[in-house]
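Reviewing the structure listed below.
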Amino acid sequence: MASASVPFGALLRRHRAALGLTQEEIAERAGLSVRGISDLERGARERPHLDTVELLADALALSGADRARFWATARAGAQGGADATPTNLPSPPTAILGRAGEIAAVAALIERPEVRLLTLTGPGGVGKTRLAIHVASEARTAFPDGVYFVPLAALREPSHVMTTIAHTLGLADASGEPPPARLAKYLRTRRLLLALDNFEHLLSAAPAIGELLARCPSLMVLATSRAPLRLTGEHEYPVPPLGLPERPQKGATLGMVVAAPAAALFLARLAAYAPRLRLTDADAPAVATICARLDGLPLAIELAAARARHLGLDDLAVRLQRRLPVLTHGPRDLPPRQQTLRATIAWSEDLLTSDAQRLFRLLAVFAGGWTTKQAISLCQGEAPPAAVEEALDALVDSNLVQVEHSAEQLPRYTMLATIREFAEERLGAGGGEEWARRRHADVTLAFTDQAERGLQSGERTVWSRAATAELDNVRAALHWSLTHDAAEHALRIVGNLDWFWDAVARDREGWAWSQAALAMTGAEQHGWGYARALFAAGSIAWNVSAFEASTRLLTESVARFRTLDDRRSLGQALMSLGLTALYQGKLDTAHQHVAESVALFETVDDRWNLGLALFSSGETQYARNPAAARAAYERSLAVFRSVGDPWGIAHALTGLGGLAMRAADYVAARRLMEEALALRRSVNNPGAIATSLTSLGELARREGDDDNALPYLEDGLARFRELGDAEHVAWTLRNLALVATRRGDWRRAMATLAECLTLRVEQGNPAQIAKTFTAIAHALLPRGEAEQAARLWGAAQGIRASSGEATPADEDGADELELDARLRATLGAARAADAVRRGRELTLAEAISAAQETLARRS
């Protein structure tokens, strides 16, 4: 065969040189060691492993005839080469996929002289054995006396480990020497690698391995185990699941999804099971969902691919909401414990003590992970804290539980979804699930009690991160409470979540949970929990622009808090009620409520809410009394600085920036707004960041800098849409329409204003409807429709007059004075006055209808 005349190493070097790559660069591309590349090119190793050939062909981007020749040369070398390293390594029937990073990392560890015991750990089915075989094969040239694979899964007695190793090495036991002595004598001078597979159930034999390593200085042990061996000098490498595809966005292609290792493996195995199946981009969402529900576990992916040929991708994705019943019937050549995912996890559970098994099952009630403190609280009355901590350590060691550290370096524990499903099954089958779910609701309630205060303090940033981590637990506790007639639990949890939903940017979800809790039968409607739930629901209703519902709920909560004499909650409710009135254009009512809130917080030990009440006071006075608003904002800023909360400081700075913009002090406005944006980015508050972006966009618009205004406004709009914040969507749309008008983009201006008006009508705020009318008038004037513009300008004046609001209003004053002057210049004073008068005479409903008709004709 012609291809065999060129040694594999020479062919590899030729392709590498053609791409201008160094050995280090091709090693990084292929996920191999530099030493391995060097050995292949020098001919020191003539028998490349199947996986190695595949990885190199991909790294070299070989295709067609070049790839075929590359493979043929590799096979010829395997048939006629002289690889002096003895080995019994199995040859896996499929190439390893998606493990380039792990292969490189483990290979690098093996090359370090101080690493003599390396344990690959991870949950069952994560691919430890496959990785170990591949790396061991790549490392053969470094171990001239042999690379040996020792399967231990079938052993039941730890005492048989050393005997099994001796038999694998071909050491006869005729001498009568104990296996440890025979092994030590044989290995003392040999450079050899032992790959000990599946050690987790034989850990009491680990000391014998440690002694063997101590007596044999050239011996290397590469172990796979669901738990570390815990020997002196052991290096542990946790094998992670395969990387998952991102949640596919609209327009995502199959190629984009398959870039993730988990999806690549799934499609490769699916192609082997169903070679005639042809997938399209329409299948991308199902593939991404399947891989996510499998946690990226290679064994689970193998089992799922086998089922997909019968079920279809969409059906499989749905069925994998419950994974264990689906992931069965694995290949017959796998051990029984790997032929179903349930059996794989059961193998790990069976190795635990009874205490650890009990904790494992109880912890399944945590939907979003937990802390050590929460695990101890869950088991209160069941086990002492020290026993819980010891059992938790055992679960981490066995890789049934993962541990990670937060920004505060506090450990947080989680389970893979497949493992949690198994633990839930066992909890349900063993009894006690009802008790565990109730305890979980108790633990979650305790968290929300603390979070309610923490999110309104100088620790707001820390508690915002905690809120994100606990979101799924809050959902689980609320679901259990609502479906098990635990009304007080539901009400008290909901009552603590007014700022929680803002921190996790899910106000609409919070609104739905709040309504469900208040609708529960059997709720004690005269108790404190119900009053708090009313307040929280009313606050969230304001956030989602449901102002009528907000007013009703908050008014009722205010009355109840007065009866209960809860001054802090009363101050919170009055503040929220005042802001709701403000967004409905009821300025006098808004200021009255907020002023009472400020007075209450002056007497309550809650400086954070005092700072917020002062800010709210500035908001209610912004349009009518800028000097009083400035004083309120400045005092709010001082309070928040003393509390040390960046979120609150940014709030006050934004208020002052708005006043500076209104006064046309654009330099000061930009400085204040940019400082606020930086603070908001530092605490990663989505809604506040969007507000700052839109404020900076509005500032640039007022300066006439449309090129800078548009990026700010479009970024802010996208964020508000994602948050579902209709109030601020409308605010941003109006600014975008004014920019489009100035740029002569008539179509965009009309379409944007039509959406803005629709939102403002739904929100029912006459003042904001009036502001939208003025923006429409601005857009009509350059198009030669001055009379209709004047009529809408008159309608805006009429709405403001009926609500007692001054004209022109807030920071739009200069724009609106200019509009009035241009209308008079275009139409003449008498004609303009007549059109304005006719607009002022319209009712609100008539004015809205006229504006909508105008937009519909011109969009």
Structure-based [θ]222 nm, the chain - -39500 (n - 2.57) summed over DSSP H runs of at least 4, per residue, nearest 500 = -20500 deg cm²/dmol
Applied in sequence order to the range 501-511, the curve 6.51 cos²θ - 1.76 cosθ + 1.60 (Karplus, θ = phi - 60°) yields integer Hz couplings, x standing for Gly and Pro, of 5, 5, 5, 9, 6, 9, 5, 5, 5, x, 4
Once amide H atoms are built 1.01 Å from N in the peptide plane, which residues 5 or more positions from Glu703, or in another chain, come under 5 Å H to H?
-> none
Report the relative contact order of the chain, percent, no decimals, based on alpha-carbon pairs under 8 angstrom and at least 6 residues apart.
-> 6
With the 8 Å Cα cutoff and a minimum separation of six or more residues, the range 366-513 has a relative contact order in percent of 25
Please report how far the C-alpha centroid of the range 279-327 lies from that of the range 617-663, rounded to the nearest whole angstrom.
-> 53
By the C-alpha gyration tensor axes a ≥ b ≥ c (rounded if a/c is under 1.5, else prolate when a/b exceeds b/c, else oblate), the shape of the range 537-633 is oblate
How would you order 121-128, 265-272 from highest to lowest mean count of nearby Cβ atoms within 10 Å?
-> 121-128, 265-272
Kirkwood estimate for the range 701-859, i.e. one over the average of 1/r between Cα atoms, Å | 15.6
Projected area of the range 156-198, taken from the Cα convex hull and averaged over every viewing direction, in nm²?
-> 3.4
Roughly what angle does helix 766-780 make with the longest principal axis of the chain, taking Cα atoms, 0 to 90 degrees, to the nearest 10?
-> 90
The range 517-542-the range 190-230 distance, computed between alpha-carbon centres (Å) = 60
Got a sec to turn the phi values of the range 473-490 into Karplus ³J(HN,Hα) couplings, 6.51 cos²θ - 1.76 cosθ + 1.60 with θ = phi - 60°, whole Hz, x for Gly and Pro?
-> 5, 4, 4, 5, 5, 5, 4, 4, 4, 6, 9, 10, 6, 9, 4, 5, 4, 4
Debye calc, one equal point scatterer per Cα of the range 593-734, no solvent, log10 I(q)/I(0) at q = 0.17, 0.20 1/Å comes to -0.94, -1.23
Only one of the values (i) 36.9, 120; (ii) 30.3, 99; (iii) 34.6, 122 was calculated from this structure for Rg and Dmax of the Cα atoms in Å; name its label.
-> (iii)
Measuring from the longest principal axis of the C-alpha atoms of the chain, the long axis of helix 385-397 (C-alpha) lies at a number of degrees, nearest 10, equal to 60
Residues of the chain: accessible area per residue with a 1.4 Å probe, Å² = 41
Taking Cα atoms of the range 78-232, Rg/Rh with Kirkwood Rh, to two decimals?
-> 0.94
Specify the angular offset, from 0 to 90 degrees and rounded to the nearest 10, of the alpha carbon long axis of helix 8-18 from the longest principal axis of the alpha carbons in the chain.
-> 30
Kirkwood hydrodynamic radius over Cα pairs of the range 335-387, then Stokes diffusion coefficient at 10 °C and 1.306 mPa s, in µm²/s | 126
Accessible-area value, Lys771, 1.4 Å probe, nucleic acids and ligands omitted, Å² | 20
Hey, what's the Cα Rg ratio for the range 696-784 versus the globular rule of thumb, 2.2 N^0.38 Å?
-> 1.01
What ³J(HN,Hα) values, in whole Hz, does the Karplus curve 6.51 cos²θ - 1.76 cosθ + 1.60 give for the range 300-310 when θ = phi - 60°, with x put for Gly and Pro?
-> 4, 5, 4, 5, 5, 4, 5, 7, 4, 5, 9
Estimated Rh, the range 474-615: Kirkwood, alpha-carbon pairs, angstrom | 15.0
How much accessible surface area, in Å² rounded to 10, belongs to the heavy atoms of Ile133 with a 1.4 Å probe?
-> 10
Quantify how much of the Cα-Cα distance distribution of the range 340-495 extends past 25 Å, in percent.
-> 29
Would you mind giving the three semi-axes, in whole Å and largest first, of the ellipsoid equivalent to the range 174-249 according to its Cα gyration tensor?
-> 34, 13, 11
Counting only protein heavy atoms and using a 1.4 Å probe, what share of the accessible area of the chain belongs to carbon plus sulfur, as a whole percent?
-> 52
On the full set of protein chains, 1.4 Å probe, figure out the accessible area of Glu433 and give it in Å² to the nearest 10.
-> 70
Taking the reciprocal of mean 1/r across every pair of different Cα atoms in the range 452-492, the Kirkwood radius in Å is 11.2
How high is the relative contact order of the range 706-851, in percent, counting Cα pairs under 8 Å that sit 6 or more residues apart?
-> 20
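The values are calculated or read from the model by the stated rules, or taken from the named source; none is laboratory data. The model shown is predicted, which means the values in this text are computed figures rather than measured ones. Cβ coordinates were reconstructed from backbone atoms using ideal geometry, including for glycine residues, and neighbour counts include every protein chain displayed. Only protein heavy atoms, including side chains, enter the accessible area calculation; ligands, DNA and RNA are left aside. Shrake-Rupley method; radii C 1.70, N 1.55, O 1.52, S 1.80 Å.
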